[in-house]
Structures are given as structure tokens and as C-alpha cells.
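Asker: Right, I'll just put the structure down here and ask away after.
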Amino acid sequence: MIVMKETATEEEIEAVIDKIERAGAVPHRSRGARVTVIGAIGDVEQDASVESIGLEGQPGVDRVVPILKPYKLASSQFRHGERTVLDIGGRKVGGEHFALIAGPCTVESREQVLATADVVKDAGVAMFRGGAYKPRTSPYAFQGLGQEGLRLLAEAKERTGLPIVTELMDARDLEPVLEVADVIQVGARNMQNFPLLAEIGRSGRPALLKRGLSATLDELLMAAEYILKEGNPNVMLCERGIKTFETSYRVTLDLQAVPVLKELSHLPVIVDPSHAAGRRSLVGPMSLAAAAAGADGIIVEVHPNPDEALCDGPQALLADDFADYAAAVERAAMLAGKVFSNA
Ligand code: PEP
Ligand code: MN
């Protein structure tokens with residue numbers, strides 16, 4: 001929508017209309033008591049070119065107000081209200097399909113990874129998670145096992161048949177990560193690492209894109225757009241808690257993001273209750289709430305011996321409790337009309 005200045009002349013208005021037509025959109029002129037407003041109507045692609053013809057600086061133009069969202073491929077309109085359903089090694093995510101993704105925060109040892117993988121496999125999860133490259137606040141904290149961690153994930157995949165979700169922090173590690181990852185996780189701290197997003201887009205591998213700690217939903221969707229724009233349609237959005245003034249828990253799990261993202265976008269929405277909670281006792285209740293709110297999946301941390309975990313132990317579910325937890329999440333997902341996705 002182009003709002004003209006009160007002082008705009010007829011020639012200036014005509015010049016704007018002419019430019020809109022040349023960009024392939026249809027101008028709609030409405031003359032108010034004091035100002036003229038011109039709507040530029042076209043499909044999403046054409047509107048983008050309206051934006052790019054530089055009406056903002058044109059004589060007589062007061063301001064240009066975009067009516068459509070700044071993201072296109074991620075928007076609900078792009079798929080005319082149809083939901084995207086991903087198929088990851090036979091596990092569906094999105095639409096009516098709910099995926100429970102579970103595993104340790106970090107790959108620490110062969111015993112820890114394989115023990116956890118067995119437990120979550122037996123509980124019927126859709127995918128196994130585990131980080132080999134870890135984004136740590138302190139450079140002195142354990143940074144992950146790197147390539148050795150990837151090798152252990154490959155062994156867990158071989159043993160359980162579960163697809164692997166693991167984080168890529170640096171585009172230079174793309175090749176080894178692609179060898180084992182069925183889903184590449186983009187951590188909250190990398191949500192706006194645009195070259196990394198583009199690289200994942202070009203790889204074509206499904207991505208789990210975590211919301212940044214202070215990112216708006218529009219910023220999350222713009223980040224998703226970077227992956228989609230490279231021709232990779234396999235993106236899951238992940239709400240994992242945002243920074244607010246509240247200090248009683250690690251960060252605030254924004255569950256309203258679930259229905260709102262599903263209004264704004266066709267992409268599946270996953271919730272990570274572990275990183276928001278920061279402590280085990282909150283993970284169960286928030287998982288049930290997320291599933292009941294219509295999330296398309298949950299990614300959760302589990303550990304056979306959280307007291308000895310090298311990262312995020314306090315928020316890890318106990319492996320011994322995991323089967324009961326998974327059954328409760330499945331019941332909540334059913335309440336929201338979902339079917340559990342497993343092999
Ligand atoms: C994780 O999944 O272990 C992790 C580091 O998540 P986030 O990027 O959301 O903090
Ligand atoms: Mn973690």
C-alpha cells in the first residue's frame with residue numbers, strides 16, 4: 001500500500017501507478033479527503049518486485065506499507081492453507097502426525113549414547129537426538145565430541161534404526177554431519193547465522209530450526225525462509241523458550257507460539273520443553289501442554305544418569321521414567337487429534 005503525501009500532484013500519483021503496472025501488479029487508487037492511497041495487488045512474487053522498484057523515494061510518496069508478510073515460502077498462503085508433512089526415514093511430522101524426538105543433550109560416550117538410544121527406541125519415539133557439536137556459553141565448558149560423536153550417533157542409528165537429529169554449528173562441518181544426520185538441528189544461537197542457513201538449504205537435508213532466545217516469530221519465519229529459498233522445503237520450526245523478565249525457570253516456554261506459528265505458516269511446529277524448563281520437574285507438564293496445544297512434535301532430553309551428564313543434566317528426563325513419559329505425551333497428542341509417528 002503506497003500512501004501519498006497530502007501535497008502529491010496528479011502527475012506524481014500517475015507516475016506511481018505507472019511504476020506499479022510496469023512491475024506487473026494491479027494498482028487500486030483510493031482518494032481520501034486529504035491523501036490518496038494506492039494499493040498494489042498481485043501475487044506474492046509480483047509484490048516482491050513492487051517492493052524492489054523503490055517507490056519509497058519517489059516524489060509525492062509519503063510511505064510504503066507492506067501488507068503481505070515479509071516471508072513468502074514459509075507463509076500459510078504459499079500452500080493455500082495446506083500443511084507441510086515431512087517424511088524422515090518413514091516417520092511423518094506435521095498435519096496429523098506427531099513426532100517425539102528424544103535423546104541426550106550431548107553425545108558423551110558409547111555406553112551413554114547406546115543405552116539412551118535403546119530406551120527411547122523401546123518407548124516408540126520417532127527419532128533420536130544428540131549433539132556432537134555443542135554451543136556452550138562458556139568456552140571452557142565441554143564442547144562436544146565432534147566427529148567422534150557423529151560416529152557414535154551413526155552406531156546408534158545402525159543399532160536402533162532411528163533417524164538422527166544433530167546440530168550443525170559451523171558450515172565447515174557440513175560434510176561429516178550430512179553423513180549421519182537425517183535432520184540438521186540449527187541451535188537457538190545460530191537462528192540468524194544466515195550463511196549457515198543457506199548452506200543447509202542447499203544441502204536439501206531436513207532442518208529443525210530453533211527459535212533464537214530473543215527472536216520474534218516473524219524473525220524465526222524469515223530464518224526459515226533462508227533455508228526454503230535455497231530449494232529445501234523440509235523445515236521444522238522449534239519453540240524452545242525465550243528470555244523474559246521471569247527468573248524462576250531457565251527461560252519462558254512460549255506455548256502461544258504453537259497455534260500462532262500454525263496460523264502464519266504451513267511448516268511443522270516442534271516444542272523443546274527441556275531447554276525452556278532447565279529442570280526435570282517442569283518437562284513433563286510442559287510437554288503435555290505443548291502436545292495439547294497442537295504441536296507437531298516434541299524434542300526432549302533424556303539421560304541414563306543425569307547427575308553425571310556433561311551438559312544439561314538437571315533438565316534431562318531419567319531414562320527409567322521415559323516409557324511412562326512417552327505414553328503420557330501420546331495421550332495428550334491424541335487429545336489434539338494427532339497420531340504418534342513411529343516405525
Ligand atoms: C540443544 O538442543 O541441546 C541446544 C543447545 O538447544 P538450543 O540451541 O535451543 O539452546
Ligand atoms: Mn541441551
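Asker: What's the exposure ranking of D18, D272, D173, going from fewest to most Cβ atoms within 10 Å? It would help to have the intermediate numbers written out before the result.
Answerer: Values: D18 11, D272 29, D173 16.
Result, fewest neighbours first: D18, D173, D272.
Asker: What residue among P139, P27, P268 shows peak mean-square fluctuation when the chain is described by a Gaussian network model with Cα springs under 10 Å?
Answerer: P139
Asker: Return the percentage of antiparallel bridges among DSSP beta bridges fully within the stretch 231-343, rounded to the nearest 5 %.
Answerer: Of the beta bridges lying entirely in the stretch 231-343, close to 10 percent run antiparallel.
Asker: Right, another one. Ranking request for peptides 250-262, 63-75: highest mean number of other beta-carbon atoms within 10 Å first, then the rest in descending order.
Answerer: Going by the mean number of other Cβ atoms within 10 Å, highest first, we get 250-262, 63-75.
Asker: Restricting the count to DSSP beta bridges whose residues both fall in the chain, what percent are antiparallel, rounded to a multiple of 5?
Answerer: For the chain, the DSSP antiparallel bridge percentage is about 35.
Asker: A follow-up question, please. Can you compute the helix-only [θ] at 222 nm over the chain? Use -39500 (n - 2.57) per DSSP H run of at least 4 residues, normalise by all residues, nearest 500 deg cm²/dmol.
Answerer: -10500 deg cm²/dmol
Asker: Tell me, what ³J(HN,Hα) does each residue in the stretch 290-298 have, in order and in whole Hz, if you take phi through Karplus 6.51 cos²θ - 1.76 cosθ + 1.60 with θ = phi - 60° and put x for Gly and Pro?
Answerer: Here the 3J(HN,Hα) series is 5, 5, 5, 6, x, 4, 8, x, 10 Hz.
Asker: How far, in nm, would the chain grow between R110 and D87 when pulled straight, counting 0.36 nm per residue and subtracting the alpha carbon separation?
Answerer: Answer, rounded to one decimal: 5.5 nm.
Asker: Assuming a ≥ b ≥ c are the square roots of the Cα gyration tensor eigenvalues, decide whether the stretch 246-343 counts as rounded (a/c under 1.5), prolate (otherwise, with a/b larger than b/c) or oblate. Please list the in-between numbers first.
Answerer: Details: a/c = 2.19, a/b = 1.36, b/c = 1.61.
Because a/c hits 1.5 or more and a/b fails to exceed b/c, the stretch 246-343 counts as oblate.
Asker: I would also like to ask the following. Report, by chain and number, residues whose modeled amide H sits under 5 Å from the one on L208, excluding near sequence neighbours (fewer than 5 apart, same chain).
Answerer: Here the answer is I184, Q185, V186, M236, since their amide H atoms fall under 5 Å of that of L208.
Asker: Plugging the Kirkwood radius over Cα pairs into Stokes-Einstein for the stretch 66-214, at a temperature of 4 °C and a viscosity of 1.567 mPa s, what D comes out in µm²/s?
Answerer: The estimated diffusion coefficient comes to 79 µm²/s.
Asker: Before anything else, pin down the relative contact order of the chain: Cα pairs under 8 Å, at least 6 apart, normalised by residue count, whole percent.
Answerer: 17 percent
Asker: Can you run phi through the Karplus equation (6.51, -1.76, 1.60; θ = phi - 60°) for the stretch 213-222 and list ³J(HN,Hα) in whole Hz, with x for Gly and Pro?
Answerer: 5, 10, 8, 7, 5, 4, 5, 4, 5, 5
Asker: Turning to a different aspect of this structure: Please compute the length gained on full extension between S214 and I67, using 0.36 nm multiplied by the number of residues separating them and subtracting their Cα-Cα distance. Before the final figure, lay out the partial values.
Answerer: Values: separation 147, 0.36 × 147 = 52.92 nm, distance 2.44 nm.
Full-extension gain reported as 50.5 nm.
Asker: What is the set of long-range amide H partners of I88 at a cut-off below 5 Å, with H atoms built 1.01 Å from backbone N?
Answerer: V93
Asker: Per-residue HN-Hα couplings for the stretch 141-158, Karplus 6.51 cos²θ - 1.76 cosθ + 1.60 at θ = phi - 60°, whole Hz, x for Gly and Pro?
Answerer: Whole-Hz 3J(HN,Hα) from phi for the stretch 141-158: 6, 3, 9, x, 7, x, 4, 5, x, 4, 5, 5, 5, 4, 5, 5, 5, 4.
Asker: Now, a different point. State the Cα centre-to-centre distance between the stretch 89-121 and the stretch 194-265 in whole Å.
Answerer: First find each Cα centre; the distance between them is then 20 Å.
Asker: Taking every pair of alpha-carbon atoms in the chain, what share in percent sits in each 10 Å bin, from 0 to the bin with the longest distance?
Answerer: The distribution over the chain is 6, 24, 30, 18, 10, 8, 3, 0, given as percents.
Asker: For the stretch 1-151, what relative contact order do you get, as a whole percent, if you take Cα pairs closer than 8 Å and at least 6 residues apart?
Answerer: Numbers: 195 pairs, mean separation 25.3, N = 151.
So the answer I get is 17 percent.
Asker: Oh, and also: Taking a ≥ b ≥ c as the square roots of the eigenvalues of the Cα gyration tensor of the stretch 60-141, is the shape rounded (a/c under 1.5), prolate (a/b larger than b/c) or oblate?
Answerer: On the way: a/c = 5.53, a/b = 1.72, b/c = 3.22.
The shape class here is oblate.
Asker: Between beta-carbons, use under 12 Å as the cut-off and find the net charge around R110, counting Lys and Arg +1, Asp and Glu -1.
Answerer: -2
Asker: Return C105, C238 ranked ascending by Cβ neighbour count within 10 Å, so the fewest neighbours appear first.
Answerer: C105, C238
Asker: Follow-up question, since we're still on this one. Within a 10 angstrom radius of the beta carbon, how do I298, I20 rank from fewest other beta carbons to most? Could the numbers behind the result be given before it?
Answerer: Values: I298 29, I20 25.
Going from sparsest to densest Cβ surroundings: I20, I298.
Asker: For L317, what residues show an amide H to amide H distance below 5 Å, using hydrogens built from the backbone and excluding near sequence neighbours?
Answerer: Correct list: E301, V302, H303.
Taken together, the values in this text are just the output of simple stated rules run on the coordinates, not laboratory data. Model, not experiment: these values are computed from the prediction. Note: ideal-geometry Cβ built from the backbone for every residue, glycine included; neighbour counts use all protein chains shown.
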